[in-house]
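Q: Sharing a structure, written as structure tokens. Questions coming.
The values are calculated or read from the model by the stated rules, or taken from the named source; none is laboratory data. In this text, all values refer to a predicted model and were calculated from it rather than measured experimentally. For neighbour counting, all protein chains shown are included, and Cβ atoms are generated from backbone atoms with ideal geometry for every residue, glycine included. Ligands, DNA and RNA are stripped out before the accessible areas are found, and what is left, the full protein with its side chains, is counted by its heavy atoms. Shrake-Rupley method; radii C 1.70, N 1.55, O 1.52, S 1.80 Å.
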Amino acid sequence: MSTSDATPRVDPADYLDVDRLLTDDERGIRDVVRAFVRDRVLPDVADWFEAGTAPRDLFPELGRLGLLGMHLEGYGCAGASATAYGLTCLELEAGDTAIRSMVSVQGSLAMFAIHRWGSEEQRRAWLPRMAAGEAIGCFGLTEPDSGSDPGSMRTHARRDGADWVLDGRKTWITNGSIADVAVVWARCAHDDRVRGFLVPTDAPGFSAHRIHRKLSLRASVTSELVLDDVRLPADAALPGVASLRGPLSCLNEARFGIVWGAIGAARACLESALDYAGSRIQFGRPIAGFQIQQQKLARMALEVNRGLLLALHLGRLKDDGLLAPEHVSMGKLGNVDAALDVARTARQILGGNGITLGYPVMRHMANLETVVTYEGTADIHSLVVGHALTGLDAFR
Ligand code: TGC
Ligand code: FAD
């Protein structure tokens, strides 16, 4: 029983007082990233989005803050907890999904692949430079005819003496045109197994072509990769895995970041809507005073806080070594859907102003249309959860 007479109060910025569930270290990292987003992302992000330019010069800054591959151990990586990494993703995506994507692809996809499945030489060659933001990585799994079903990939690798020769095409590859190294997944002709290859992007036969006219993730580089008889030495293959388990294990890491990141985007939309509704006067009073708007705001706050608790729970499971891929699927499915609902509702609360880049909501809403599709669509994650519940595979 409480010994104090004071009634606890609600803080609209942290409605359920989730802050008290974090450690001092986690709060410290969260505050550093929040300040970085405030100072280095928010002032320019609308211009980046409008111009369709990606802030490549942020890489070394993210590296100096220790945010690239931050949940990995050794090789210049910070060795932070999964929860600290999740909080980082949340704060970055509150700025823009593109910035969280930069960090996800670098740390959870490209660096994780090398860290988890690479040789000692490959780790030493790439990870310290990637952690510092001096080298950029991308992750090539998706192909024009092979998206949700990566097992149908056509990109292949054949042996020629000791060398490997890669042919094929990857598409929708984040950071593809600015990368120094591409982690490319290919089916091997000699044994029909999927392996990962480290392809330096200056290798003869490799080219990357930026995809233009995107209406989502405009502050992020997205590219097609073409591999035309790319000859690589024997040690270009990641030796630790020869199955789809390789790329899918990396996706677990990046999807975990999205569970958190989506709530960052949603929080930014809620804050914008609250602010706007409190100052926009119609019919002689702030629209925040109308019941219909309060109902919307209450539901948005519920989604943001429920999503944050879900993310934190998954973070604690991951830190305890208990997180299953099926947990991550439920988190990605639930939190991205919730964030999209919050963003769409916020956009309506802002009326006509809501469709401009003067406010963050439509930018987040457009970005979330990518987030619900990449790293496994909502349908695919529903099927993963459905399989976990029923034991029946409904993919095929
Ligand atoms: P299936 O036959 O079930 O499994 C094949 C092998 O993989 C293993 N496995 C996993 N391993 C680790 N983690 C997981 N989540 C795994 N799921 C399956 C499995 O044990 C098996 O291993 P082995 O050793 O026996 O061979 O595979 P399937 O072909 O039936 O596919 C299952 C399915 C549909 C869930 C999977 O293909 C899938 O997740 N599809 C979605 C594809 C996807 O998410 N693509 C994302 C591309 S990367 C991206 O979008 C980056 S965006 C980055 C950004 O900008 O932030
Ligand atoms: P498809 O797989 O063709 O799906 C089309 C529709 O069919 C979807 O609604 C899907 O849910 C549905 N569907 C598919 N299979 C089933 C089924 N069995 N049952 C029911 N419905 C089904 N990929 C990378 O490898 N690396 C990257 O860095 C990367 N970055 C990306 C960045 C952006 C901006 C975007 C948009 C995508 C990126 N992707 C990347 C690709 C992304 O992972 C794919 O777009 C995603 O996996 C879906 O594949 P698809 O687009 O081919 O859609």
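Q: Restricting to segment 192-219, name every residue that is under 27 Å from Leu92 (Cβ atoms), outside any strand (DSSP E or B) and of a type outside the set (Gly, Ala, Ser).
A: If the condition is that a residue be under 27 Å from Leu92 (Cβ atoms), outside any strand (DSSP E or B) and of a type outside the set (Gly, Ala, Ser), then Thr201, Ile211, His212, Arg213, Lys214, Leu215, Leu217, Arg218 are the ones that fit.
Q: Among residues belonging to segment 79-118 that are more than 16 Å from ligand 1 (Cβ to nearest atom), outside any helix (DSSP H, G or I) and touching a residue at least 24 places away in the same chain (Cβ under 8 Å), point out the one that is surrounded by the fewest Cβ atoms within 10 Å (Cβ to Cβ).
A: That would be Ser81.
Q: Which residue out of Leu62, Leu58 is of a type in the set (A, V, I, L, M, F, W, C) and surrounded by 24 or more Cβ atoms within 10 Å (Cβ to Cβ)?
A: When all the criteria are applied, what remains is Leu62.
Q: Follow-up question, since we're still on this one. Residues being part of a loop (DSSP other than H, G, I, E, B) and open to solvent by 40 Å² or more (accessible area, probe 1.4 Å): count how many of those fall in segment 65-75.
A: So the answer is 2.
Q: Kindly provide the set of residues from segment 94-116 that are more than 16 Å from ligand 2 (Cβ to nearest atom) and of a type outside the set (A, V, I, L, M), ordered by number.
A: Passing the criteria: Gly95, His115, Arg116.
Q: What number of residues within segment 316-336 satisfy the criterion of being surrounded by fewer than 24 Cβ atoms within 10 Å (Cβ to Cβ) and under 17 Å from Leu217 (Cα atoms)?
A: Final tally of qualifying residues: 0.
Q: If you go through segment 149-159 one residue at a time, how many are out of contact with any helix residue (DSSP H, G or I) (no Cβ under 7 Å at 6 or more places or on another chain) and open to solvent by less than 70 Å² (accessible area, probe 1.4 Å)?
A: 5
Q: Of the residues that sit in segment 5-29 and are of a type in the set (Asp, Glu) and in a loop (DSSP other than H, G, I, E, B), which one is most open to solvent (accessible area, probe 1.4 Å)?
A: This residue is Asp5.
Conditions tested, residue by residue: (1) closer than 30 Å to Asp341 by Cα; (2) within 13 Å of ligand 1 (Cβ to nearest atom); (3) among the hydroxyl-bearing types (Ser, Thr, Tyr); (4) in the same structural domain as Ala51 (by TED's automatic domain parsing).
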{"site": "Ala179", "(1), (2), (3), (4)": "no, yes, no, no"}
{"site": "Phe197", "(1), (2), (3), (4)": "no, no, no, no"}
{"site": "Ala203", "(1), (2), (3), (4)": "no, no, no, no"}
{"site": "Lys214", "(1), (2), (3), (4)": "yes, yes, no, no"}
{"site": "Leu217", "(1), (2), (3), (4)": "yes, yes, no, no"}
{"site": "Val221", "(1), (2), (3), (4)": "yes, yes, no, no"}
{"site": "Leu225", "(1), (2), (3), (4)": "no, yes, no, no"}
{"site": "Gly257", "(1), (2), (3), (4)": "yes, yes, no, no"}
{"site": "Ser272", "(1), (2), (3), (4)": "yes, no, yes, no"}
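Q: Something else about it: Residues in segment 336-355: is at least one of a type in the set (Ser, Thr, Tyr) and free of Cβ contacts under 8 Å to residues at least 60 places away in the same chain?
A: No, segment 336-355 contains no residue that is of a type in the set (Ser, Thr, Tyr) and free of Cβ contacts under 8 Å to residues at least 60 places away in the same chain.
Q: Name the one entry in Gly140, Gly52 that is within 16 Å of ligand 2 (Cβ to nearest atom) and surrounded by fewer than 20 Cβ atoms within 10 Å (Cβ to Cβ).
A: Gly52
Q: Can you tell me how many residues within segment 272-306 are open to solvent by less than 90 Å² (accessible area, probe 1.4 Å) and either in a helix (DSSP H, G or I) or touching a Pro at 6+ places or on another chain (Cβ under 9 Å) (or both)?
A: Of the residues in that region, 20 qualify.
Q: Still on this structure, I have one more. Scan segment 150-177 residue by residue and report those that are hydroxyl-bearing (Ser, Thr, Tyr) and within 10 Å of ligand 1 (Cβ to nearest atom).
A: Listed by number, the residues that qualify are Ser152, Thr174.
Q: Within segment 220-242, which residues are within 22 Å of Asn175 (Cα to Cα), among the hydrophobic types (A, V, I, L, M, F, W, C) and not in a strand (DSSP E or B)?
A: Val221, Ala236, Leu238, listed by residue number.
Q: Quick one: how many residues across segment 160-194 are of a type outside the set (Ser, Thr, Tyr) and open to solvent by 40 Å² or more (accessible area, probe 1.4 Å)?
A: Final tally of qualifying residues: 13.
Q: Shifting gears a bit: Tell me which of these Ala125 doesn't satisfy, since it passes every other one: (1) of a type in the set (A, V, I, L, M, F, W, C); (2) in contact with a strand residue (DSSP E or B) (Cβ under 7 Å, 6 or more places away or on another chain); (3) surrounded by fewer than 24 Cβ atoms within 10 Å (Cβ to Cβ).
A: All conditions are met except number (2).
Q: With respect to Ala131, is the statement that it is open to solvent by less than 10 Å² (accessible area, probe 1.4 Å), within 11 Å of ligand 2 (Cβ to nearest atom) and at pLDDT 95 or above true?
A: No, not satisfied.
Q: Filter segment 339-396 down to the residues that are over 17 Å from Asp149 (Cα atoms), β-branched (Val, Ile, Thr) and open to solvent by less than 60 Å² (accessible area, probe 1.4 Å) and list them by number.
A: Val342, Thr345, Ile349, Thr356, Val361, Thr370, Val371
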